[in-house]
Amino acid sequence: MIQKFLTQIYEYVTYFISPPSCLYCHADLSVRTAFCHSCMIQILPIVPFDFYIGKHTVMKVFAVSSYKDPLRSLILAKHHSNETAIHFLAHFMATSPVVQQLDFDVITFIPLHWTRYASRGFNQAQMIAQALAYTSGRPVIPFIKRCKKTQFQARLTLQQREHNVQNAFALDAQYSHQIVGKKILIVDDLFTTGSTMKAVCSLLLPCQPQKIEIFVGCRVINS
Ligand SMILES: [Zn+2]
């Protein structure tokens, strides 16, 4: 009761200090959400994608949207250390209807190298995982750790990307016994060529999870 009252006061005060506006087109909003109605209706659902690792292992990649604005603008906000935008992205993904299609016991995320974490101040994939844990009631387990700092994948060709992430990740030995028999969901903000996911899945698969699914905010669709 008191908490609800305090929340209302907080919302009332912040409304006047910083009136809510659409994070993409900056139109005024009556309630604090990520996007206005006109931007919201531009986010169209896309079908899950079958991602092959080798010839026979396939994983479904679920995405809220293709890599288009307005959702793309939230993903790009990480490069400006805009934690508020990433908070909205995480909440948006965790409450998306796509979540109903997912089948998972535990959530894990793509880690950042500690130097990038230190300069950015947050890991967007971890924030998405935590938001999804809150709405789904499933735990987040950091199965993967990053042991090598890599270049930004966006600047590289497919071959360079695969080379770039080679040996960049390792299993965290203190959690690896919890992989066997589990339905694992890997979350990240963006799925481009899948080089990073391939590297991470190749570490998880030998520990015999029941299955792995991937959930991202945006997936780049090659035309
Ligand atoms: Zn808008």
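Each value in this text was obtained by applying a stated rule to the coordinates, not by laboratory testing. Given the structure is predicted, the values throughout are model-derived calculations rather than measurements. Every residue, glycine as well, gets a Cβ built from its backbone with ideal geometry; the counts of neighbours run over all protein chains shown.
Brief remarks follow.
- As a proxy for reagent exposure, ranking Arg116, Arg146 by other Cβ atoms within 10 Å from fewest up yields Arg116, Arg146.
- Pairwise centroid distance, computed over Cα atoms, of the stretch 111-143 with the stretch 155-198, Å: 14 Å
- Burial ordering of Tyr134, Tyr24, fewest other beta-carbon atoms within 10 Å first: Tyr134, Tyr24
- Comparing mean-square fluctuations of His80, His37, His56 from a GNM of the chain with C-alpha springs under 10 Å, the top value falls on His56.
- Normalised by residue number, the volume inside the convex hull of the Cα atoms of the stretch 47-91 is 98 Å³ per residue.
- Relative contact order (percent, whole number), the chain, Cα cutoff 8 Å, 6+ residue spacing: 21 percent
- When the Cα convex hull of the chain is projected onto planes of every orientation, the mean area is 14.1 nm².
- Viscosity 0.692 mPa s, temperature 37 °C, Stokes-Einstein D of the stretch 76-191 from Kirkwood C-alpha radius, µm²/s: 216 µm²/s
- If you wrap the tightest convex hull around every Cα atom of the stretch 16-91 and split its volume per residue, you get 110 Å³.
- Note on Ser202 and Gln174: the extension gain reaches 8.3 nm, defined as 0.36 nm multiplied by sequence separation minus the Cα-Cα distance.
- Filter on Lys68/Lys182; Lys55/Lys78; Lys55/Lys182; Lys68/Lys145; Lys68/Lys211 - keep pairs with C-alpha separation over 26 Å: Lys68/Lys182; Lys55/Lys78; Lys68/Lys145; Lys68/Lys211
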